[in-house]
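Working notes, structure below.
The values are calculated or read from the model by the stated rules, or taken from the named source; none is laboratory data. Predicted model, so just to flag it, every value in this text is computed and none were measured. With ideal geometry, Cβ positions are generated from the backbone for all residues, glycine too; neighbour counts draw on all protein chains shown.
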Amino acid sequence: MKLIWEKGQSGRRGYIPSPTDTPEVSLEQLLGLEYRKEPLDLPEVSELDVIRHYTNLAHQNYAVDSNFYPLGSCTMKYSPKVNEDIARVEQFQNTHPLCEEGILGSIEIMYKTQELLAKISGMAAVSLQPLAGAHGELTGLMLIKAYQKDHNQLRDEIIVPDSAHGTNPASAAMCGFKVVEVKSKGGLLDPEALKKVVSNKTAAIMLTNPNTLGLFEKDILEIGQIVHASGGLLYYDGANLNALLGKVRPGDMGFDVMHFNLHKTFSTPHGGGGPGSGPVGVSEKIAPYLPLPIAVKTATGFALENDKTKRPKSIGKVATFYGSFGVILKAFSYMINLGKEGLTNASEMAVLNANYLKALLSEVMEVPYSEGTLHEFVATASGLDLSALEIAKALLDYGYHAPTIYFPLIVSEALMIEPTETESPQTLDEFAEVIKEILEKVNYHKEAPHFMPVKRIDEVKAARHPILTRAQLQMSK
Ligand SMILES: *Cc1c(COP(=O)(O)O)cnc(C)c1O
């Protein structure tokens, strides 16, 4: 696809305003400015050129609203539009956070969202401030650090399993911790291996449960005992709560600190760079350290507690104002719309769909850690005639988003598939048929994709050296 500059023609105009009898004013004279000597390098295009350009760009976007999006670990489920409607209600949209009286209703919703998340997770208190999952991890680790410092404990190691999401070690390093990896056994964390790395330097272990293989860490209580006995804490990566709503709670598993990804499980689409929200939940003893302000219930209603003298241990602010309110609103609407039964049902359907699709794909692909699949599973292309990358690229030609590939690292040629609860059995049947067809036409798909605007791109180079301006484009040619 051409850049908009390449479509331009010298002298072409989109819109020519009608002549006016208002006298012309020179800004140069009026404001004492100097006009630029060269005209600005803008594309010269008609209105139709612009409309087509952006419409075609928009059509190249892929979204859950276009088709199946089985991107493992990302929970690309359909977010009901009613929650978008609620977030767009004028009375919510047109408030300003500095107008404290005008946002009392919003504060009440924040308080109730904190309470609902606490109830779902079994944690004692919740802060809605962090703006993404990784930001929640960083905040949670800052809380752990503050708590341990306050108790004169100098602990500088964070243990992460080899199946961990990449943000876990990254957040730990960002927070100034050393990362210690622990190997899994049979896809699960091995308490014996854990015992070998736990010490009085262990600040915490970061775990997601179900883990990135979609398996429940059945030894979680023993793992908790081992870490707690050494004086360390348990951090729960709750990005993927989609498997356990209404079933088990991180608080009951013994976790001290956790984050949620509202933009995965709770009705905000994930990806595309839109706002996210990564609230943190904590046990009773960590609650005094939570960021301020925090929504509280008062004798007369609801308020934002922001008084550092009342909460001297608070780590302070981690985001401007109070977090992503629009996302919080959608999560609140989603939770009260579904209720406990609906949320439980969503998790059950997510697990059913993952197991259904796993069964279909197991006919043609191996799923190494297949016992006890919850919301997602990891298949391998190892031993097949196409690599995980080639299968992923071929899927694009069939109109599907590719699964997560080459993650988690403990499965070679990994294809990590999370269908989510919002997909019908027909969609899953069709997807499985397409995978089978791809695996039958090996030679053709080695060259895939055939129908995408770009073929195989150097993804690292695209991220490190993006070409975003005309000048960069000219330099690259
Ligand atoms: C998505 C995800 C994260 C990070 O969330 P972001 O909002 O993308 O920062 C962390 N852990 C797991 C397991 C995830 O799936």
Could you give me the residue pairs with C-beta distances under 9 Å whose first residue belongs to region 123-150 and is within 20 Å of G254 (Cβ to Cβ), whose second residue is away from the ligand (no atom under 16 Å from the Cβ) and among the hydroxyl-bearing types (S, T, Y) wherever it lies, and which are 6+ apart or on separate chains?
M123/S283; A124/S283; A125/S283; V126/T113; L143/Y289; I144/Y289; Y147/Y289
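Somewhere in region 349-356, is a residue under 22 Å from V411 (Cβ atoms) and touching a strand residue (DSSP E or B) at 6+ places or on another chain (Cβ under 7 Å)?
We begin by selecting, within region 349-356, every residue under 22 Å from V411 (Cβ atoms); these are 350-351, 353-356.
Pick out the ones that are also touching a strand residue (DSSP E or B) at 6+ places or on another chain (Cβ under 7 Å) and you get 354.
Within region 349-356, one or more residues are under 22 Å from V411 (Cβ atoms) and touching a strand residue (DSSP E or B) at 6+ places or on another chain (Cβ under 7 Å).
Kindly indicate the residue of region 322-365 that is touching a Gly at 6+ places or on another chain (Cβ under 7 Å) and assigned to a helix (DSSP H, G or I) and also nearest to K264 (Cα to Cα) among those meeting that condition. Even if it seems obvious, please write down each step before you answer.
Here is the first cut: in region 322-365, the residues touching a Gly at 6+ places or on another chain (Cβ under 7 Å) are 324, 327, 340, 343-344, 347, 354.
So of that shortlist, the ones also assigned to a helix (DSSP H, G or I) come out as 327, 340, 343-344, 347, 354.
Working: V327: 11, K340: 18, L343: 14, T344: 16, S347: 13, A354: 16 Å.
Looking at residues that are touching a Gly at 6+ places or on another chain (Cβ under 7 Å) and assigned to a helix (DSSP H, G or I), I get V327.
Condition check ((1) buried (at least 16 other Cβ atoms within 10 Å of the Cβ); (2) hydrophobic (A, V, I, L, M, F, W, C); (3) part of a helix (DSSP H, G or I); (4) on the phi < 0 side of the Ramachandran plot) across all residues:
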residue	(1), (2), (3), (4)
V50	no, yes, yes, yes
N56	no, no, yes, yes
N61	no, no, no, yes
D65	no, no, no, yes
C74	yes, yes, no, yes
K77	yes, no, no, yes
I86	yes, yes, yes, yes
If you scan region 420-477, which residues turn out to be in a helix (DSSP H, G or I), among the β-branched types (V, I, T) and more than 24 Å from M76 (Cα to Cα)?
V442
Filter region 166-188 down to residues that are under 22 Å from the mean Cα position of the chain (by Cα), in a loop (DSSP other than H, G, I, E, B) and under 17 Å from V257 (Cα atoms), then give me how many there are.
1
Any residue in region 1-15 that's within 16 Å of L48 (Cβ to Cβ) and in contact (Cβ under 8 Å) with a residue 40 or more places away in the chain: show its pairings with residues that are surrounded by 13 or more Cβ atoms within 10 Å (Cβ to Cβ) and among the β-branched types (V, I, T) at Cβ separation under 7 Å, as long as the two are six or more apart or on different chains.
I4/V45; K7/V45; G8/V45
Considering every residue within region 204-217, establish whether at least one is more than 14 Å from the ligand (Cβ to nearest atom), farther than 30 Å from T320 by Cα and free of Cβ contacts under 8 Å to residues at least 60 places away in the same chain.
no
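Can you find, within region 227-252, the residue that is nearest to E341 (Cα to Cα) among those that are in contact with a strand residue (DSSP E or B) (Cβ under 8 Å, 6 or more places away or on another chain) and within 16 Å of the ligand (Cβ to nearest atom)? Show your work before the answer.
Residues of region 227-252 that are in contact with a strand residue (DSSP E or B) (Cβ under 8 Å, 6 or more places away or on another chain), as a first pass: 227-228, 230-239, 241, 250-251.
Subset that is within 16 Å of the ligand (Cβ to nearest atom): 234-239, 241, 250.
Working: L234: 28, Y235: 27, Y236: 24, D237: 24, G238: 20, A239: 21, L241: 16, P250: 19 Å.
Among those that are in contact with a strand residue (DSSP E or B) (Cβ under 8 Å, 6 or more places away or on another chain) and within 16 Å of the ligand (Cβ to nearest atom), it is L241.
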Test of understanding: among I410, I435, I467, which residue is of a type in the set (A, V, I, L, M), modelled with pLDDT of 95 or more and surrounded by 12 or more Cβ atoms within 10 Å (Cβ to Cβ)?
I435
Taking interchain pairs and intrachain pairs at least six residues apart, which have beta carbon atoms under 6 angstrom, with the first residue in region 384-413 and under 14 Å from G72 (Cβ atoms) and small (G, A, S) and the second assigned to a loop (DSSP other than H, G, I, E, B) and at pLDDT 95 or above?
A388/A381; A388/E413; A392/A402
Tell me yes or no: at least one residue of region 100-112 is farther than 19 Å from F266 by Cβ, free of Cβ contacts under 8 Å to residues at least 60 places away in the same chain and not small (G, A, S).
yes
Counting only residues in region 259-317 that are among the basic types (K, R) and touching a Ser or Thr at 6+ places or on another chain (Cβ under 8 Å), the one farthest from L207 (Cα to Cα) is identified as K308
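Give region 127-171 a look and list any residue that's among the acidic types (D, E) and away from the ligand (no atom under 12 Å from the Cβ), or say none. Please lay out each step first, then the result.
Taking region 127-171 first, the residues among the acidic types (D, E) are 137, 150, 156-157, 162.
Within region 127-171, D150, D156, E157, D162 meet the criteria.
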Residues in region 28-40 that are surrounded by 10 or more Cβ atoms within 10 Å (Cβ to Cβ) and either touching a residue at least 24 places away in the same chain (Cβ under 8 Å) or in a helix (DSSP H, G or I) (or both): how many?
1
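State whether the residues of region 59-74 include one that is out of contact with any Leu (no Cβ under 6 Å at 6 or more places or on another chain), over 30 Å from D237 (Cα atoms) and either within 16 Å of the ligand (Cβ to nearest atom) or of a type outside the set (V, I, T) (or both).
To start, the set of residues in region 59-74 that are out of contact with any Leu (no Cβ under 6 Å at 6 or more places or on another chain) comprises 59-74.
Still in the running and over 30 Å from D237 (Cα atoms): 59-60.
Subset that is either within 16 Å of the ligand (Cβ to nearest atom) or of a type outside the set (V, I, T) (or both): 59-60.
Looking through region 59-74, at least one residue is out of contact with any Leu (no Cβ under 6 Å at 6 or more places or on another chain), over 30 Å from D237 (Cα atoms) and either within 16 Å of the ligand (Cβ to nearest atom) or of a type outside the set (V, I, T) (or both).
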